[in-house]
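Engineer: The structure under discussion is supplied below as structure tokens; questions concerning it will follow.
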Amino acid sequence: MAAKKGAGVLELAVLGLLHESPMHGYELRKRLNTLLGMFRAFSYGSLYPCLKQLLANGLIMEDRPEQPNTPLALQSRRSKIVYKLTADGKERLQQLLTEAGPASWEDEGFGVHFAFFSHTRADVRLRILEGRRSRLEERLESVRAALARTRERVDSYTLELQNHGLESVEREVRWLNELIGRERAEQEQQARQAKSAKRIDQDMPRDEGR
């Protein structure tokens, strides 16, 4: 199950990066390492099976630039294959960006979904942020309960490590609260603007003679 979830995260990351621009494999590996490495260990060995599956599904395509004066037999080895998103790939990406279930706010997937928030609908962004906050609040309760049970039985270094973990979760919850507050404020402002524009349009006189 974990492998399937990881594959889904990698699929979103690859499609999202290729949506920004076509890339050859090495560049894609570097970008994925920057994107995924911040949130989890990234295995290079998992990239090429993912690319192979995306190619088989018609979500991406290969572009092999021809090199003049080079035999065809050598071109396939020497040319850098550039991966591009297909129309089906763009549609699949949009589908993935509308998903706001538990997989999108767990540790495995939240960072990647967040990285593509600029391409995500506002209501989906808000659901993911609220889901992530709920998950971390559950984690806070669990960590605090564990600290209360073990505080008198652990050494000072273990206690410091547990406190550090607690502070990290608390800090992320505060960050999420700020993001959620901004998202809600922006959505409310857009709703007011849309309502105001509709009212102005309705109040404008109609020249029925023309």
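Engineer: If I stretch the segment between Lys84 and Arg29 completely, what's the gain in nm (0.36 nm per residue apart, minus their alpha carbon distance), one decimal?
Structural biologist: On the way: separation 55, 0.36 × 55 = 19.80 nm, distance 1.45 nm.
Full-extension gain reported as 18.3 nm.
Engineer: How would you classify the stretch 127-210 from its alpha-carbon gyration tensor, with a ≥ b ≥ c the square roots of the eigenvalues: rounded for a/c under 1.5, else prolate if a/b is greater than b/c, otherwise oblate?
Structural biologist: Taking the square roots of the gyration eigenvalues as a ≥ b ≥ c, the stretch 127-210 is prolate.
Engineer: Sort 9-19, 159-169, 95-105 by packing, meaning the average of other beta carbons within 10 Å per residue, with the highest value first.
Structural biologist: Working: 9-19: 22.0, 159-169: 13.2, 95-105: 17.0.
Top to bottom by mean Cβ count within 10 Å: 9-19, 95-105, 159-169.
Engineer: Straight-line reach from Lys198: which aspartates and glutamates have Cα under 19 Å away, leaving out those fewer than 8 places along the same chain?
Structural biologist: Glu186, Glu188, Asp207
Engineer: Quick query: amide H of His24 versus all other amide H atoms, modeled in the peptide plane; which residues come in under 5 Å with a sequence gap of 5 or more or a different chain?
Structural biologist: Tyr83
Engineer: Obtain the nm distance between the two label points defined at Asn57 and Gln189 by a simple spin-label model: each point lies 7 Å from its Cα along the Cα-to-C-beta direction.
Structural biologist: Between Asn57 and Gln189, the simple spin-label model gives 3.7 nm.
We did not get these values from a lab; they are worked out from the coordinates using the rules stated. The model shown is predicted, which means the values in this text are computed figures rather than measured ones. All Cβ positions, even for glycine, are placed from backbone atoms using ideal geometry, and neighbour counts span all protein chains on display.
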